[in-house]
1. Take B:Thr57 and tell me if it is buried (at least 16 other Cβ atoms within 10 Å of the Cβ) and without any contact (Cβ under 8 Å) to a residue 40 or more places away in the chain.
2. Looking only at segment B:89-109, decide whether some residue is within 13 Å of chain A (Cβ to nearest Cβ), modelled with pLDDT of 95 or more and within 16 Å of the ligand (Cβ to nearest atom).
3. At pLDDT below 95, of a type in the set (S, T, N, Q) and out of contact with any Gly (no Cβ under 7 Å at 6 or more places or on another chain) - does that describe any residue in segment A:46-64?
4. Could you list, in sequence order, the residues of segment A:92-107 that are in a loop (DSSP other than H, G, I, E, B) and either farther than 15 Å from B:Ser187 by Cα or of a type in the set (Val, Ile, Thr) (or both)?
5. Looking only at segment A:1-25, count every residue that is in contact with a Leu (Cβ under 8 Å, 6 or more places away or on another chain) and buried (at least 17 other Cβ atoms within 10 Å of the Cβ) and tell me the total.
6. Could you identify the single residue in A:Leu70, A:Leu93 that is touching a helix residue (DSSP H, G or I) at 6+ places or on another chain (Cβ under 9 Å), under 17 Å from B:Phe52 (Cα atoms) and not polar (S, T, N, Q)?
7. Could you tell me whether any residue of segment B:33-48 is within 13 Å of chain A (Cβ to nearest Cβ), in contact with a strand residue (DSSP E or B) (Cβ under 6 Å, 6 or more places away or on another chain), over 12 Å from B:Thr113 (Cβ atoms) and within 13 Å of the ligand (Cβ to nearest atom)?
8. B:Thr86 fails exactly one of the following numbered conditions: (1) within 14 Å of chain A (Cβ to nearest Cβ); (2) buried (at least 22 other Cβ atoms within 10 Å of the Cβ). What is the number of that condition?
Amino acid sequence: MDPIHIEKVQTELERYLNKDVYVHLETTNGAYASHNDENAYNVGAFIRNAKVRYNHAKIVGSGNVYRVGLKLDIGWVYAEGLSEYEVDDQNRLLMAGHDREGRLMVTLEISETPFHY
Amino acid sequence: MEKHVVVIYPHPDDEAFGASGTIAKFRSEGVPVTYLCGTLGEMGRNMGNPTFANRETLPEFRKKELINACNVLDIELEMLGYRDKTLEFESKAEVAEHLKGFLDEIKPSLVITHYPGYAVHPDHNALGAAAIEAVKRMGEADRPTIWAQAFSRTHLEELGEPDVAVDISPFFKKKMETILAHQSQASGILGGMDPATADLEAIAKERLGAERFYTWKF
Ligand SMILES: [Zn+2]
């Protein structure tokens, strides 16, 4: 993955406007957070292959950390903390944010075909 | 001497961190070992350090790493095809029957798995429970011994000292080699440091020097 280039990612997001797309959205601090630190709290959520259609999309941010919002007919898809992106060999848009040790903290991925289950 | 040992864990690298010294010891005695690995660790957070995988490529990397680790240990591998983080939501009875299919075939004398409720990750607890259920469903005469592994904060307090302690010092090199085969995971889990500068072996020796298990009592 490469550091997010805001104009390039904006163009990529618009590639999927008004199309049925599959989304993988995830955030996690790991299954061991409270095992490694008694005061920590395990938090995580993911949704894989949610089928949505968005009519408006924007990436916003400063420095090297960004937020993405996808506006649906009756709702939103939102991710915060994205810093890297890639259009992979299957032409899917992958965005993610990692901590200093390279561990994934958040990811938002968009594809016209379902992600491998 | 054991006839055949079956190791049942959910993630590629559980065998490395948890039991690779013990596995190496059995292999050195000529005992066949089969690893039933539940998932491909699809939802792991460690993407290599520096990062080389992403959420979509991680399973392919981890599958290769798992195969390499099993080659290092010279053991058989079966990948069970569940998805990381979802094992606790599967039907325990179905998973148990799935596992029992392998056990009926292999007829092991010993099964190594996680101690349900004391193995921290929900996948560990769920697959450990299904493994024990699978053995329970076998005829009493056919049942292998079960060694269950616990490492939650409270396990010593609540379960007492493990009755099985395997001296893995002669096999420590093998254990390190197995851990390092899981390239995307090793440095993240060994302390989140740069593998080029960190002394992973020293960390591993301190943190992973002993492999201890509880013999399961039905
Ligand atoms: Zn695990």
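The values are calculated or read from the model by the stated rules, or taken from the named source; none is laboratory data. All values reported here derive from a predicted model rather than from experimental measurement. Cβ coordinates were reconstructed from backbone atoms using ideal geometry, including for glycine residues, and neighbour counts include every protein chain displayed.
1. Working: buried (at least 16 other Cβ atoms within 10 Å of the Cβ): yes; without any contact (Cβ under 8 Å) to a residue 40 or more places away in the chain: yes.
Answer is yes for this residue.
2. No, segment B:89-109 contains no residue that is within 13 Å of chain A (Cβ to nearest Cβ), modelled with pLDDT of 95 or more and within 16 Å of the ligand (Cβ to nearest atom).
3. So in segment A:46-64, the residues at pLDDT below 95 come out as A:62-64.
With the extra rule that they be of a type in the set (S, T, N, Q), the set shrinks to A:62, A:64.
Next cut, out of contact with any Gly (no Cβ under 7 Å at 6 or more places or on another chain) only: A:62, A:64.
Scanning segment A:46-64, I find at least one residue that is at pLDDT below 95, of a type in the set (S, T, N, Q) and out of contact with any Gly (no Cβ under 7 Å at 6 or more places or on another chain), so the answer is yes.
4. Going residue by residue through segment A:92-107, those that are in a loop (DSSP other than H, G, I, E, B) are A:92, A:99-102.
Within segment A:92-107, just A:Arg92 meets the criteria.
5. First, pick out the residues of segment A:1-25 that are in contact with a Leu (Cβ under 8 Å, 6 or more places away or on another chain): A:1, A:4, A:9, A:12-13, A:15-16, A:23-25.
Restricting the remaining residues to those that are buried (at least 17 other Cβ atoms within 10 Å of the Cβ) gives A:1, A:4, A:9, A:12-13, A:16, A:23-25.
Selection size over segment A:1-25: 9.
6. On the way: A:Leu70 fails: under 17 Å from B:Phe52 (Cα atoms).
So the residue among A:Leu70, A:Leu93 that is touching a helix residue (DSSP H, G or I) at 6+ places or on another chain (Cβ under 9 Å), under 17 Å from B:Phe52 (Cα atoms) and not polar (S, T, N, Q) is A:Leu93.
7. The answer is yes; a qualifying residue exists.
8. (2)
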